[in-house]
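Trainee: One structure follows; several queries about it will come next.
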Amino acid sequence: MKSIITVILLLILLTFVFTFPLALRLNSYIPGFSSTDEPYGALWHFWWMKYALVNHLSSANTEIIAVPFGQIIHSAYVYWHSINKLSTLITNQIFTYNIQVLASFVLTGIITYALSLYIFKSNFAALFSAIIFAFCPYHSVRSWQHLGLSFIQWMPLYILSLLLLKKDKIMRNILFAALSFSLVMGFDLYYAYFMFIATILFIIFYYFYYRNLKETFILIKSILIAGIVVLAIESFDLYQVIKFMFGAQKSNIAHGVYGYVRPFEDLFAQSARPLSYLLPASVHPVFGKFTENFIGTALYGGSFTEHTLYLGWIPLLLAFLAVKKLLSGANLSHANASDSKTGNFYLSFFIFLVIAAWLFSQPPWWSIFGLKLYMPSFFMYRLAPMFRAYCRFGVVVMLAVAVLAGAGLEFILGRFKTQKAKFAITTFFCSLVLFEFWNYPPYKVIDVSGVPGVYYWLKGQPGDFTIAEYPLDINGANEMYKFYQTAHEKKIINGTTPGTYANKVTQAIIKLSAPKTTGILKWMGARYVLVHKQDYLNTELIEDRNELDNIPKNPGLKLIKTFTAQECTQKGIVCIQKTGPIDVYEVITQPIRPELE
């Protein structure tokens, strides 16, 4: 018990240091980087749940964005969102967001430690595996952009449940497997999909390892029972997904940005590349500049987030050591097994999982001298076209490598007899891994405690009215516009979903300089229009610069106020307060109903 408490305290300390200075500003900072607006969508959602509850509104259908049409708020993770609603009601949306991110690091470490401890019976090796998986670059970049994808902690829990089920196919282990999978599924469907595939791989490996058809059928039966329990637990979530899927098809959203049939071409853009696994994260303060030279190339990939899959050279070397020892006939001296064959099952399975997960992360095919060699994603797309980012399978590769690296360290520690020596060796390797995975300076936090002054001005304006923010977001909701709403609390025409009628209307009013645009805006109920001048200039397109010059010439607009550019107040900290000049216009024309084909 004392060692477990020590491990937990150490993981909490490392989380504090690795995410610094986030824990010091839980109500004002969020983890992130400046080139994405996705975290603001989650913050808006948390705020909306509280706002709807306080104002006795339906949280599933909002009329304060995409005005005057409203927007369906689809929730595929009902139980998780219930937790978010309670947390936001007690605290606020920023604290709710941050506490989950920090908890994901601590829980990932604890659960991976438990998984490795079950296999190795070695606190040192288990701690090493835990640190590798908890603080890997994949986890860090996900915590900066995709909240749901930062919850990687439930996957090692489910893998542990499979190992327990393999050992004893009893009802207690069946229920534990069901609960573990439900936790995976209750936070992210991508990871549930990965664990579903991992389950099939586990069954296949189990059969070929033991060559026992009877025992394999008993294992399958146990997993099927666990699956039935999962369906019962997740029935409401599944109902919501299916309902939205059919609703999306009827409203032509199924093939849109938020749809369930993703373009096949995305499988190439969002697949792992050779250097994705081998080059340090581009945010590394020492080696990151080297990696930046490869971003956008065929060898690395073009996405800062999706292609940050670095496994670490220290974990890889120790994992290779474990493979070498296994092939030479060595056994883990403290493996949780009654015989060497069973003990080696664990290492063999994770080697198999590394290879299989790596193959699943690849593009649909490799072209070798004109010959197409098809990869698993090609076939899986036919069965599940809603999944496109197979590079995310890299997290499963990372988990398996972390476990194997722990095995490699355990082989090394077996040469030393004293605890002090083992502690020193473990500390040395943990330090090397943490250096490999380091991500600041600069700090990866964003100050969201203050918004541009125009929104405080809007909040102070009397009446219940609607605003429009330009440039319009027509290819997907501008999450920053939505987040600003948490400050001014006025209705906005922004935030539409591609494929909906509301989005088609916004596409007809892209040019604010056109006289018909102001008439339609008036019909939509807009009183004020906010023009973010810098956003027009940042594109460096001649038509955008001309549009910015022509907006003041529209007779349907009256310039009310100009807010000058703002800067961040804290040195070295990115903030959302930083903005270029913003013009506020009043819509002073007659309403015109949009006529769309």
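Trainee: What aspartates and glutamates could a cross-link reach from Lys325, if we take a straight Cα to Cα line under 14 Å and drop same-chain neighbours fewer than 8 places away?
Mentor: Cα-Cα hits under 14 Å: Glu410.
Trainee: For Ser235, Ser87, which order do you get if you count the other beta carbons within 10 Å of each Cβ and list the fewest first?
Mentor: Ordered by Cβ neighbours within 10 Å, fewest first: Ser235, Ser87.
Trainee: Once the other residues with Cβ under 14 Å from the Cβ of Cys391 are scored (Lys, Arg +1; Asp, Glu -1), what is the net sum?
Mentor: Values: positive: Arg142, Arg262, Arg273, Arg388, Arg392; negative: Asp266, Glu306.
Cβ neighbours under 14 Å give a net charge of +3.
Trainee: While we're on this one: Given an 8 Å cut-off on Cα distances and at least 6 residues of separation, report the relative contact order of the chain as a percent.
Mentor: So the answer I get is 17 percent.
Trainee: Need one number: % antiparallel among DSSP beta bridges in region 448-587, to the nearest 5.
Mentor: Values: 12 of 19 bridges.
Antiparallel bridges make up about 65 percent of those DSSP assigns within region 448-587.
Trainee: If the reach is capped at under 25 angstrom between alpha carbons, list the lysines near Lys169, excluding any in the same chain fewer than eight residues apart.
Mentor: Hits, sequence-local ones excluded: Lys121, Lys214, Lys221, Lys341.
Trainee: Continuing with this model, one more query. Going from the alpha-carbon gyration tensor of region 80-436, what semi-axes, largest first and in whole Å, does one get by taking the root of 5 times each eigenvalue?
Mentor: Value: 31, 26, 23 Å, ordered largest first.
Trainee: Also, I was wondering about something else. Go through region 312-319 residue by residue and turn each phi into a ³J(HN,Hα) via Karplus (6.51, -1.76, 1.60, θ = phi - 60°); whole Hz please, and just put x for glycine and proline.
Mentor: x, 6, 5, x, 5, 5, 6, 5
Trainee: Right, here's the next one. Give or take rounding to whole Å, what are the principal axis extents of the alpha carbon atoms in region 448-587, in descending order?
Mentor: That gives 44, 36, 32 Å along the principal axes, largest extent first.
Trainee: Between Ser58 and Ser449, what is the label-to-label distance in nm when each label sits 7 Å out along the Cα-to-Cβ direction?
Mentor: Rounded to a tenth, the inter-label distance reads 3.9 nm.
Trainee: Taking neighbour counts of Cβ atoms within 10 Å as a proxy for exposure, in what order, fewest first, do Trp457, Trp80 appear? The partial results should precede the final answer.
Mentor: Working: Trp457 16, Trp80 19.
Least to most surrounded, the residues fall as Trp457, Trp80.
Trainee: Could you give me the ³J(HN,Hα) list for region 471-482, computed from phi with Karplus coefficients 6.51, -1.76, 1.60 and θ = phi - 60°, whole Hz, x at Gly and Pro?
Mentor: Each residue's phi maps through the Karplus curve to give x, 5, 9, 10, 8, x, 4, 6, 5, 5, 4, 5 Hz.
Trainee: Rounded to the nearest 500, what is the chain's calculated 222 nm mean residue ellipticity when only DSSP H runs of at least 4 contribute -39500 (n - 2.57) each, over all residues?
Mentor: -17500 deg cm²/dmol
Trainee: As a footprinting exposure proxy, order Glu410, Glu479 by other Cβ within 10 Å, with the fewest listed first.
Mentor: Ascending Cβ contact count within 10 Å gives the list Glu479, Glu410.
Trainee: May I pose another question? With only alpha-carbon atoms counted, please give the Rg and Dmax of region 16-86, in Å.
Mentor: My reading of the Cα-based Rg and Dmax gives 14.7, 46 Å.
Trainee: State the extension gain, in nm to one decimal, for the chain segment bounded by Leu359 and Phe16, taking 0.36 nm per residue of separation less the distance between their alpha-carbons.
Mentor: Result: 120.0 nm gained on full extension.
Trainee: Still on this structure, I have one more. Counting only C-alpha contacts under 8 Å and six or more residues apart, can you give the relative contact order of region 80-436 as a whole percent?
Mentor: Contact order relative to length: 21 percent.
Trainee: Rounded to whole Hz and in sequence order, give me ³J(HN,Hα) for region 515-526 from the Karplus expression 6.51 cos²θ - 1.76 cosθ + 1.60, θ = phi - 60°, writing x for Gly and Pro.
Mentor: My calculation for region 515-526 gives x, 5, 4, 5, x, 5, 4, 5, 4, 6, x, 6 Hz in order.
Trainee: Still on this structure, I have one more. Net charge near Leu530, counting Lys/Arg +1 and Asp/Glu -1 over other residues with Cβ under 12 Å of its Cβ?
Mentor: Details: positive: Lys490, Arg527, Lys533, Lys561; negative: Glu469, Asp535, Asp583, Glu586.
Neighbour charge sum, excluding Leu530 itself: 0.
Trainee: While we're looking at this one, here's another question. Of the listed pairs Lys420/Lys444; Lys444/Lys522; Lys504/Lys533, which have alpha-carbon separations greater than 30 Å here?
Mentor: Result: Lys420/Lys444; Lys444/Lys522 exceed 30 Å.
Trainee: Work out how much length Tyr239 to Ile5 would gain on full extension: take 0.36 nm times their residue separation and subtract the Cα-Cα distance, in nm to one decimal.
Mentor: Here the answer is 80.2 nm.
Trainee: Sequence gap at least 6, Cα distance under 8 Å: using those rules, report the relative contact order of region 448-587 to the nearest whole percent.
Mentor: Reported relative contact order: 28 percent.
Trainee: If you take the alpha carbon radius of gyration of the chain and divide it by 2.2 N^0.38 Å, what ratio comes out, to two decimals?
Mentor: 1.05
Trainee: Below 15 angstrom from the Cβ of Ile425, what's the summed charge of the other residues (Lys, Arg +1; Asp, Glu -1)?
Mentor: Local charge sum for Ile425: +3.
No value in this document is a laboratory result; all are computed from the given coordinates. Predicted model, so just to flag it, every value in this text is computed and none were measured. Counting neighbours? That spans all protein chains shown, and the Cβs are built from the backbone with ideal geometry, glycine included.
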